[in-house]
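Heads up, the thing below is written out as structure tokens.
The values are calculated or read from the model by the stated rules, or taken from the named source; none is laboratory data. Only a predicted model underlies this, so the values are computations on that prediction, with no experimental measurement involved. Methodologically, a virtual Cβ is constructed for each residue, glycine included, from the backbone with ideal geometry; neighbour enumeration extends over all protein chains shown.
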Amino acid sequence: EIVSGDSIRRRFLEFYAARGHKVLPSASLVPDDPTVLLTIAGMLQFKPIFLGKVPRQVPRATTAQRCIRTNDVENVGRTARHHTFFEMLGNFSFGDYFKKEAIRWAWELSTVEFGLPADRVWVSVYEDDDEAFEIWHDEVGVPVEHIKRMGEDDNFWTSGVTGPCGPCSELYYDFHPERGYANADLGDDERFIEFYNLVFMQYNKKDDGSLEPLKQKNIDTGLGLERMAQILQKVPNNYKTDLIYPIIEKASELANVSYELTDDRSKVNLKILGDHLRAIVYLISDGVVPSNIGRGYVVRRLIRRAVRTGRLLGIKGDGRGNLEGAFLPAIAEKAIELSTYVDVDVKDRASRILEELKREELRFVQTLERGEKLLDQMLADALLKAQENKTVPCLSGKDAFILYDTFGFPVEITTEVAEECGVSIDMRGFDTEMENQRRQSQAAHNAVKLEVGDSADLTKDVPNTEFLGYETLSSRAVVES
Ligand code: ATP
Ligand code: MG
Ligand code: MG
Ligand code: MG
């Protein structure tokens, strides 16, 4: 009998509720915080408390937070453990308990509640955090061979360029204990999976990069639900868990393939659909509308990548006999079906989500076909030219920009298709084109401003006009960070 993802979420929350934590709802994917585009971790809704800007309502809380990480989009389907959308289970202390309790409970949760064999759990601590090392070793009894000291990249957690941060300690699961201690590397993802991060949040990182001690010492943790499900369900990757696999099965059905029997490339594509449809459903449910700026661009890019991925898999039509119909809604229905305990509101919003998705898919398909032909031609030309000049094949920034501007190809998709053919992209040229367009839009914007008079807030009118490239350059920087 499998340990369902839903039961893992419930048991985590109950475990911490029994230890004095108040169970709070997940915050929206759209954060109440201008410095971040999307909710990337459970701590985000508590940032003002950590910073001492608002008083705590409770000393301890626990949540199952829905998260989006666009920085992992390239990892989707390629690693066993990364998604754009995932759930982070967290326990938090607002100036209440600190390292000792956080470490002991994380251990008890992992080895007793979830029953992981103690000799399969490894931990990391920040290089000079002797206190955490000693708690793990002297109090919990983890052998020194299973404790790794690691540097800032892995074990100093920051939520962004600035904001609350601190050294952390992470728990890893060992799939191959028979390989022994010697040369064990926690970064080896064939052998280990990071599943739980305990952040000892005690600093505020300032604009100048300096660390200011917070008034209180806090705990912020995150356990990846899909990763724990992978471990407990004994499946080879997060995608084969009951949290995601039904979506993949639906996509396989539409593509007329069997996931298990198909080739590796199609497997990756099916995983992309399994991942992206979840992200898309929860983003639209939280009010994000496809557009060319900021969060809207994130969801648009995911939808377009999903459309293209479905076409690569040979999916045609809506799965109900309409060959001109949209197929993403049929897969999204499965994601919505699985949403009950992730976000109770999604089912009520289902018709709006499916409508939005259908409209965006059909709109994209219209231009996609023309764009694909043009891109194929551009790539053939680039390859030919490279052969003649004995240079490395490269698509010009201008070409990439035409595809973006006229055919709605996110440059990331162009890059992906080009790379499949061994062609690189002149990104600097592309950025220059974007910058030129931005300047022109700005000029147009200023011209309008003169006519209307300078008191009006014109930015409010901009989204409805055809300023498609407006602000895209800066938002893309945010999207990719
Ligand atoms: P990784 O090193 O695997 O990329 P991370 O160190 O970036 O993970 P944290 O910022 O420490 O992750 O987040 C806390 C936990 O959230 C992780 O230990 C993991 O279980 C989970 N997690 C993080 N990123 C993802 C993701 N893209 N998909 C699924 N789970 C994730
Ligand atoms: Mg990461
Ligand atoms: Mg990590
Ligand atoms: Mg981590």
Of residues in the stretch 73-87 being outside any loop (DSSP other than H, G, I, E, B) and surrounded by 24 or more Cβ atoms within 10 Å (Cβ to Cβ), the one nearest to ligand 1 (Cβ to nearest atom): Phe86
Subset of the stretch 162-176 (residues that are away from ligand 2 (no atom under 14 Å from the Cβ), free of Cβ contacts under 8 Å to residues at least 60 places away in the same chain and of a type in the set (A, V, I, L, M, F, W, C)): Cys165, Phe175
Identity of the residue in the stretch 93-131, hydroxyl-bearing (Ser, Thr, Tyr) and touching a residue at least 40 places away in the same chain (Cβ under 8 Å), that ends up farthest from Phe50 (Cα to Cα): Ser110
Scope the stretch 303-334; condition hydrophobic (A, V, I, L, M, F, W, C) and not in a loop (DSSP other than H, G, I, E, B); matching residues: Ile303, Ala306, Val307, Leu312, Leu328, Ala330, Ile331, Ala332
Close pairs (6 angstrom Cβ cut-off, 6 or more residues apart or separate chains): at positive phi in the stretch 213-240, more than 16 Å from ligand 4 (Cβ to nearest atom) anywhere: none
Residue satisfying all of: in the stretch 77-88; away from ligand 3 (no atom under 16 Å from the Cβ) and modelled with pLDDT of 95 or more; nearest to Asp188 (Cα to Cα) among these: Thr84
Test: residue in the stretch 200-210 that is within 16 Å of ligand 3 (Cβ to nearest atom), farther than 30 Å from Leu312 by Cβ and of a type outside the set (Asp, Glu): yes
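State the number of residues belonging to the stretch 171-188 that are among the small types (Gly, Ala, Ser) and within 13 Å of ligand 1 (Cβ to nearest atom).
The number of residues fulfilling the criteria is 1.
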Glu333 vs. criteria buried (at least 21 other Cβ atoms within 10 Å of the Cβ), under 23 Å from the mean Cα position of the chain (by Cα) and at pLDDT 95 or above: no
Residues satisfying the stated conditions in the stretch 177-211, i.e. more than 16 Å from ligand 4 (Cβ to nearest atom), surrounded by 13 or more Cβ atoms within 10 Å (Cβ to Cβ) and touching a residue at least 40 places away in the same chain (Cβ under 8 Å): Pro177, Ala184, Asn204, Lys205, Leu211
Qualifying residues in the stretch 144-161 (those that are part of a strand (DSSP E or B) and out of contact with any Phe, Trp or Tyr (no Cβ under 8 Å at 6 or more places or on another chain)) - the one nearest to ligand 2 (Cβ to nearest atom): Trp157
Criterion (surrounded by 18 or more Cβ atoms within 10 Å (Cβ to Cβ) and more than 20 Å from Gln65 (Cβ to Cβ)) met by exactly one of Leu225, Leu214: Leu214
Of all residues in the stretch 55-72 being within 12 Å of ligand 2 (Cβ to nearest atom) and outside any loop (DSSP other than H, G, I, E, B), the one that is surrounded by the most Cβ atoms within 10 Å (Cβ to Cβ): Cys67
One residue from Glu360, Glu369, Glu355, Glu388 being of a type outside the set (Ser, Thr, Tyr), in contact (Cβ under 8 Å) with a residue 12 or more places away in the chain and part of a helix (DSSP H, G or I): Glu360
Residue satisfying all of: in the stretch 162-188; at positive phi and not in a strand (DSSP E or B); nearest to ligand 3 (Cβ to nearest atom) among these: Asn183
Candidate set: the stretch 189-208, residues that are in a loop (DSSP other than H, G, I, E, B) and away from ligand 1 (no atom under 12 Å from the Cβ); chosen: the one modelled with the highest pLDDT: Arg191
Residue in the stretch 92-102 that is more than 9 Å from ligand 1 (Cβ to nearest atom), out of contact with any Cys (no Cβ under 7 Å at 6 or more places or on another chain), assigned to a helix (DSSP H, G or I) and within 21 Å of Asp154 (Cβ to Cβ) present: yes
Counted residues, the stretch 209-248 - those being of a type outside the set (Phe, Trp, Tyr) and in a helix (DSSP H, G or I): 13
